Amino acid sequence: MKQLLSAAALCLAAALSVQPALAADEAKAPTAQQSKMKTCNADAKDMKGDERKAFMKQCLSAKPEPTTQQSKMKTCNADAKDMKGDERKAFMKSCLSAKNPA
């Protein structure tokens, strides 16, 4: 009987120590995917059935717009495709530091 009570007390203590950890997980900021899901759900609130399913699939798989730095890199790389070595390095440095790439 004492062993049963000891085991029950141990289980109770373990359960109580896990609960604060679970509460801490709930307090964390939502991930990017969770934020996207929330936004898509809000946009699809009046849709039902296959229409909603198709919308949610499209919405959740949409890629975010590239940042301005990514856009600059893409443009500058395209402009410097025939350059090599120090010429390319100098061009990329000036192109990426410019306010608006040429």
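Of all residues in segment 68-102 being assigned to a loop (DSSP other than H, G, I, E, B) and surrounded by 10 or more Cβ atoms within 10 Å (Cβ to Cβ), which is farthest from the chain's Cα centre (by Cα)?
M83
For segment 58-66, check the following and say yes or no: at least one residue is over 21 Å from the mean Cα position of the chain (by Cα) and surrounded by 11 or more Cβ atoms within 10 Å (Cβ to Cβ).
Taking every residue of segment 58-66 in turn, none turns out to be over 21 Å from the mean Cα position of the chain (by Cα) and surrounded by 11 or more Cβ atoms within 10 Å (Cβ to Cβ).
Would you say K63 is among the basic types (K, R) and modelled with pLDDT of 90 or more?
no
Could you tell me whether K63 is out of contact with any strand residue (DSSP E or B) (no Cβ under 7 Å at 6 or more places or on another chain) and closer than 24 Å to Q33 by Cβ?
yes
The values are calculated or read from the model by the stated rules, or taken from the named source; none is laboratory data. Computed from a prediction, not measured in an experiment: that's the story for all the values here. Positions of Cβ are generated from backbone atoms using ideal geometry, with glycine treated the same way; all protein chains shown enter the neighbour counts.
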